[in-house]
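The next block holds one structure in the form of structure tokens; read it before the comments.
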Amino acid sequence: MSVEFKFEDGKLVIDTELLLDAMSDEDKMFLVERLSCEDAVIKHVADQIIDGFTENARCGSRLCGTDVNVYLPLDVAARRIAEASSEIAAQEINALKRELASTKERLQKAHDDLDRVRFPGRYI
């Protein structure tokens, strides 16, 4: 199988369907792995899992309603998130608590440093 390349308006145009058809399964998995780490892709997938659609009202396959055993990837992702949500929320809350404590500590140090500058007589 071959891939068609052409120039249009000074740009190289590649037929992505022909390109995908010409790729090995290993090359496709590398592409998927690479794309799955792109911020724009993550955002669109998260939008589908949470809201049901991307910002452009597109979506992958989902069950109408729910079932004990889900098998479509978006339904599986939503189920996994729901089952792990308590753990994920606890981790996020703990991270926020650590960040808040660190910020408060830095703020207290900044106040102490300011007092040393404003009232040097207190720190002799």
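Hey, which aspartates and glutamates would be in cross-link range of LYS104, C-alpha to C-alpha under 13 Å, not counting anything within fewer than 8 residues on its own chain?
Qualifying aspartates and glutamates at Cα under 13 Å: ASP112.
Checking a compactness column here: for the chain, what do you get for Rg(Cα) / (2.2 N^0.38 Å), N being the number of residues?
Normalised by 2.2 N^0.38 Å, the Cα Rg of the chain equals 1.88.
So which lysines can LYS43 reach, going by Cα to Cα under 25 Å and dropping same-chain residues fewer than 8 places off?
LYS28
Considering the dipole of region 14-124 built from charges on the beta carbon (Lys and Arg +1, Asp and Glu -1) around the Cα centre, which of GLY121, ALA90, CYS59 is farthest to its positive end?
It is GLY121, whose Cα lies furthest towards the positive end.
Could you give the size of the charge dipole of region 38-123 about its Cα centre, using +1 on the Cβ of each K and R and -1 on the Cβ of each D and E, expressed in debye and rounded to the nearest 20? It would help to have the intermediate numbers written out before the result.
Details: 13 positive and 15 negative charges, 108 e Å.
Using only the charged Cβ atoms, the result is roughly 520 debye.
Near LYS109, which lysines are there with a Cα under 23 Å away, not counting those fewer than 8 places off in the same chain?
LYS97
Positive end of the charge dipole of region 38-123 (Lys, Arg +1 and Asp, Glu -1 on Cβ, about the Cα centre): tell me which of ALA110, GLN48, ALA78 has its Cα farthest that way.
Comparing the listed Cα positions along the dipole, ALA110 ranks first.
Would you mind checking which residues have amide H under 5 Å from ASP15's amide H? H placed 1.01 Å from N; only 5 or more apart, or other chain.
Close amide H contacts, sequence-distant or interchain: GLU4.
Under the Karplus relation 6.51 cos²θ - 1.76 cosθ + 1.60, θ = phi - 60°, what is the ordered set of whole-Hz ³J(HN,Hα) values for region 7-24, x standing for Gly and Pro?
With coefficients 6.51, -1.76 and 1.60, one gets 9, 9, 6, x, 10, 7, 10, 10, 6, 5, 5, 5, 4, 4, 4, 7, 7, 6 Hz.
Please work out the Cα center distance from region 13-70 to region 102-119, rounded to the nearest Å.
So the separation of the two Cα centres works out to 49 Å.
At a threshold of 8 angstrom on Cα-Cα distance, excluding pairs fewer than six apart, so keeping six or more, what relative contact order does the chain reach in percent?
10 percent
Each label point is 7 Å from the Cα along the Cα-to-Cβ direction; what then is the distance between the points at GLU33 and SER61, in nm?
So the label points at GLU33 and SER61 sit 2.5 nm apart.
For LEU107 and PHE53, FRET efficiency with R0 = 41 Å and r from the beta-carbon atoms, rounded to 0.05? Could you put the intermediate results ahead of the total?
Working: r = 42 Å, r/R0 = 1.02.
It comes to 0.45.
With the chain treated as a Gaussian network of Cα nodes joined by springs under 10 Å, which of ARG34, ARG80, ARG58 yields the largest mean-square fluctuation?
In the Gaussian network model the winner is ARG34.
Just so you know, all these numbers are worked out from the coordinates, no wet-lab data involved. None of the values given here were measured: they were computed from a predicted structure. In this analysis, Cβ positions are derived from the backbone assuming ideal geometry, glycine residues included, and neighbour counts consider all displayed protein chains.
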